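Student: Below you'll find the structure I mean.
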Amino acid sequence: MVALPASALAEQAVTLEGSDCRYRDQYPDRRKTIRWSGACVDGWASGPGVLTWFHDGRYEGRADAALADGRIEGRARIAWRDGRRLDGNFKDGLVSGEATHVWRTGAPMRGNGGTIAAPASARSFSRAETGMSASSTATVPPAPASS
């Protein structure tokens, strides 16, 4: 399996549920619906707010973030239903600079420059600890963490 850089993902403009506002989704899926609590400027989700997404109507995660032109920009906190969370800096909707991703087991991984990796002193994590399958690649989709 070849892992593509985040910038190679198929960003797609999607209309947010219950509005005419749009968001640039890095992980588009026709079964996903997205809600935005913030402002809509020139048709795009903008400013501070909470981005919440659902898959087939089931809550999947949220991002406490500021958006610019429909993309996460600056510091954001993301939380997934399964317990994973991310606290980091974003530019143009992608992780950029320092970030910490915490697996559902609480095992942290820290990174800088958009690469999330375990510190040199960390041990390897099993698939059970990370919650990922053997063929998965760790990616960091847009979603926030609870305060």
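Student: Looking at this structure, is Gly83 modelled with pLDDT of 85 or more, open to solvent by 60 Å² or more (accessible area, probe 1.4 Å) and of a type in the set (Gly, Ala, Ser)?
Tutor: Answer is no for this residue.
Student: I need a count of the residues in the stretch 38-69 that are acidic (Asp, Glu), in a loop (DSSP other than H, G, I, E, B) and either in contact with a strand residue (DSSP E or B) (Cβ under 6 Å, 6 or more places away or on another chain) or closer than 21 Å to Asp92 by Cα (or both).
Tutor: Qualifying residue count for the region: 2.
Student: While we're looking at this one, here's another question. So if I check each of Pro28, Pro48, which one is open to solvent by 30 Å² or more (accessible area, probe 1.4 Å), of a type outside the set (Val, Ile, Thr), at pLDDT below 95 and closer than 25 Å to Thr100 by Cα?
Tutor: Pro28
Student: What single numbered condition from (1) in contact with a Ser or Thr (Cβ under 8 Å, 6 or more places away or on another chain); (2) outside any loop (DSSP other than H, G, I, E, B); (3) open to solvent by 80 Å² or more (accessible area, probe 1.4 Å); (4) at pLDDT below 95 fails to hold for Arg35?
Tutor: (4)
The values are calculated or read from the model by the stated rules, or taken from the named source; none is laboratory data. Worth saying up front: this structure is predicted, and the values here are computed from it rather than measured. Because the Cβ atoms are built from the backbone with ideal geometry, glycine has one as well, and the counts that use them run over all protein chains shown. Side chains are part of the model used for accessible areas, which takes the heavy atoms of the whole protein and leaves out ligands, DNA and RNA. Shrake-Rupley method; radii C 1.70, N 1.55, O 1.52, S 1.80 Å.
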